[in-house]
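The values are calculated or read from the model by the stated rules, or taken from the named source; none is laboratory data. Just so it is clear, the structure is predicted and the values come from calculations on it, not from any experiment. Please note: Cβ atoms are built from the backbone with ideal geometry, for glycine as well, and neighbour counts cover all protein chains shown.
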Amino acid sequence: MAGDLIVETRKLTKIYRDFWGRQKKTALRALNIDIRKGEIFGLLGPNGSGKTTTIKLLLGLLFPTEGEAFIFGKPAADVTKNERIGYLPEESYLYRFLDAEETLDFYGRLFNLDSRVREKRAAELIEQVGLKHDRKRPLKEYSKGMRQRIGLAQALINDPDLVILDEPTSGLDPLGARWMKDLIVGLRNQGKTVIMCSHRLEDVQDVCDRIAILNNGELQAYGEIKTLLQDISRVEMRASDIQLTDGLRHDLEEVIRKHGGRVDSVGHPTTTLEDYFLRIVEESKAHPGRRFLPGSEPTAKPVAPKDRR
């Protein structure tokens, strides 16, 4: 495993079976992804697509039916690697009668942090998540957005190298969502790796470096978000210091120079992540069993079973 790889899965598969051992549901099939140090990685998919199963497999809460997963070079089943992981679930199960300081002190004890370290980390995180004036209030009085903030603080109490966030902007107003996205980018700037699951595709598009889209337990798209959203059938050009005229449309570059302007950029326009996501899901429904093949170009369409080699 390369030194800059934080997460690596190889043919990771999870099949749920009934009481008699008969196959009930294939939650994840042959997942191959790599997540690198210092990037924000988006894990997307409709409900039931395999996102939660993937997270549980990475955390060692489930065991794979086939394949393997490595975190920090260790098998996912090795619980010692969890000391370097922070996890914010979609619904934080926090003790509602504790206040913010007591909550962070409790989770700091779980990581065997020294009392002075716990106190220092708790004060810093409470300030960071904007709960300084509510630190003495019991969590039962917190709004959902406030619970999301203290949930993030507990996920960071051990100063983790890998942070897993499940719906981090859930329950936050637009200002809170912007704050959360800025904080996530700040974690990357600190050298931390972030895995982000979200149904708010605009949030993923704003902060993620690469994404994987799952549907029916299979990988449907995978790569850098800027590349995936390019519309390679079209080219756009941006120019400044010039008015758009019929002559300019006729021969763009020459007319721009003729009129004293300049070409600022030429490239492929992008669609939105929401449109791309919906297209990938609809195409996967139309072609059951189709899967993204490792080694394919990010802009290539997933290959249907009959096209595989």
Checklist line | Answer residue from the range 245-266, given it is assigned to a loop (DSSP other than H, G, I, E, B) and surrounded by 10 or more Cβ atoms within 10 Å (Cβ to Cβ) and is modelled with the lowest pLDDT among those | finding: 245
Next item on the list: Please tell me if residue 80 is under 18 Å from the mean Cα position of the chain (by Cα), at pLDDT below 95, among the hydroxyl-bearing types (Ser, Thr, Tyr) and assigned by TED's automatic domain parsing to the domain that holds residue 291.
Entry: no
Checklist line | the range 194-215, subset under 23 Å from residue 28 (Cα atoms) and among the polar types (S, T, N, Q), residue surrounded by the most Cβ atoms within 10 Å (Cβ to Cβ) | finding: 215
Notebook entry, point to check: Which one of these does residue 128 not meet: (1) assigned by TED's automatic domain parsing to the domain that holds residue 193; (2) out of contact with any strand residue (DSSP E or B) (no Cβ under 7 Å at 6 or more places or on another chain)?
Noted result: (1)
Notebook entry, point to check: When residue 76 is evaluated against the numbered criteria (1) free of Cβ contacts under 8 Å to residues at least 24 places away in the same chain; (2) surrounded by fewer than 20 Cβ atoms within 10 Å (Cβ to Cβ); (3) farther than 19 Å from residue 131 by Cα; (4) out of contact with any Lys or Arg (no Cβ under 6 Å at 6 or more places or on another chain), which criterion, by number, is the only one it fails?
Noted result: (2)
Next item on the list: Mind counting the residues in the range 135-172 that are of a type in the set (Asp, Glu), free of Cβ contacts under 8 Å to residues at least 40 places away in the same chain and under 18 Å from residue 92 (Cα atoms)?
Entry: 1
Next item on the list: Quick one: count up the residues across the range 62-97 that are in a loop (DSSP other than H, G, I, E, B), out of contact with any strand residue (DSSP E or B) (no Cβ under 7 Å at 6 or more places or on another chain) and at negative phi.
Entry: 8
Check: Which residue, of 87, 95, is under 28 Å from residue 200 (Cα atoms), touching a Leu at 6+ places or on another chain (Cβ under 8 Å), hydroxyl-bearing (Ser, Thr, Tyr) and at pLDDT below 90?
Finding: 95
